[in-house]
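The values are calculated or read from the model by the stated rules, or taken from the named source; none is laboratory data. Keep in mind it's a predicted model, so treat the numbers as computed, not measured. Please note: Cβ atoms are built from the backbone with ideal geometry, for glycine as well, and neighbour counts cover all protein chains shown. In case anyone asks, the SASA skips ligands and DNA or RNA and just uses the protein heavy atoms, side chains included. Shrake-Rupley method; radii C 1.70, N 1.55, O 1.52, S 1.80 Å.
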Amino acid sequence: MQKDMLDGLIVFLIVAEERSFSTAAMRLGVSPSAISQAIGKLEQRMRLALFNRTTRSVSLTEAGQHYFDRVVPAVRELKEAALEMREAGDRPAGLLRINVARAGYMIALQPVLRDFLDAYPDIELEVRIEPSLADIVEQGFDAGIRFGDLVQKDMVALKVGPPLSAHIIAAPDYLGRFGVPKVPNDLLNHNCIGFRHASSGQVERWEFEKGGQKIELATAGRLILNDSAALTQAALDGIGIAYMVNGYIDRFLDDGRLVRILSDWSPVLAGLTLYYADRRRVPAKLRALIDFLRRRREDVTPSTAGALT
């Protein structure tokens, strides 16, 4: 198809509807001479006169009427196709790809996953769980979920999940065998399970805060992990004391399988953030997830079950 084959088509239709070059010009916001020039070029390409022109009136020629009758249904189809695409864009549907750290999945996404998929049956959700911070644009993800202090400054960032604070946890079995730490420095005499961050490669230092006093400890132990689920399971197995955030572990505190210690020394931590690249173009499927997680965040309060101070 020649690249200029459709040039002037909309101008032709409006002039044919209005039977006036000047009225068509007003509808399109251009000058009457621009309308006349567009129609002239169209007639030259078609080698046919499409309009009869006098100083007082404009009417379709026989060829122009035939062309009008053929073009109108095709243009109507184009309009309907555009409307269908617009409506599809407004409806939450299609593949939604999210990149999350395991903690982000367990705390913010997993608890609402079934309800979200039930609420939006036309959305197909792909979740990639990986410890390192991903370039979501380069890798084709719609959004990511990470702790807020890790998200790049050029991203649009929204808080999701419950408010978070540090939780020092252990199984009752471990505490029964080795005693309950009363102050943070007591942890130096315990088997503390380490967590190595994928982004920095460093083993996490444990932070404490009480009454304006801040303490940071490099704890020691016989086990270092780089996965939140494995860290939780190790604590459940009585291997040692773990430094976690609330959210995923709340159910274990509620049923007594884990006990929180030193809760009065536990600082508030950076919460989880859902982030994406461009606030001007948020597809309906991503907007649905954002709104869903925001509503759930408003309903969540942190657990205080199983705490020993």
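Observations on the structure shown:
- Members of region 198-214 found to be surrounded by fewer than 14 Cβ atoms within 10 Å (Cβ to Cβ) and either without any contact (Cβ under 8 Å) to a residue 60 or more places away in the chain or of a type in the set (S, T, N, Q) (or both), listed by number: S199, S200, G201, Q202, R205, G211, G212, Q213, K214
- Within region 19-49, the set of residues being among the charged types (D, E, K, R) and in contact (Cβ under 8 Å) with a residue 24 or more places away in the chain comprises R19, K41, R45.
- Residue-level analysis places Y276 among those that are in contact (Cβ under 8 Å) with a residue 12 or more places away in the chain and in contact with a Leu (Cβ under 9 Å, 6 or more places away or on another chain).
- Extreme residue, nearest to the chain's Cα centre (by Cα), among residues of region 138-153 that are surrounded by 13 or more Cβ atoms within 10 Å (Cβ to Cβ) and at pLDDT 85 or above: A143
- Meets criteria (crowded, with 16+ Cβ neighbours inside 10 Å, touching a strand residue (DSSP E or B) at 6+ places or on another chain (Cβ under 9 Å), aliphatic (A, V, I, L, M) and assigned to a strand (DSSP E or B)) for I98: yes
- The lone exception for V127 - which of (1) at pLDDT below 90; (2) on the phi < 0 side of the Ramachandran plot; (3) open to solvent by 20 Å² or more (accessible area, probe 1.4 Å) it fails: (1)
- Residues located in region 109-124, provided they are in a helix (DSSP H, G or I) and not acidic (D, E): L109, Q110, P111, V112, L113, R114, F116, L117, A119
- Qualifying residue in region 159-169 (condition: on the phi < 0 side of the Ramachandran plot, open to solvent by 40 Å² or more (accessible area, probe 1.4 Å) and under 17 Å from the mean Cα position of the chain (by Cα)): yes
- Criterion: open to solvent by less than 40 Å² (accessible area, probe 1.4 Å) and at pLDDT below 90 - qualifying residue of A235, A242, A305, A277: A305
- Qualifying residue in region 101-108 (condition: open to solvent by less than 50 Å² (accessible area, probe 1.4 Å), within 30 Å of L225 (Cα to Cα) and in a loop (DSSP other than H, G, I, E, B)): yes
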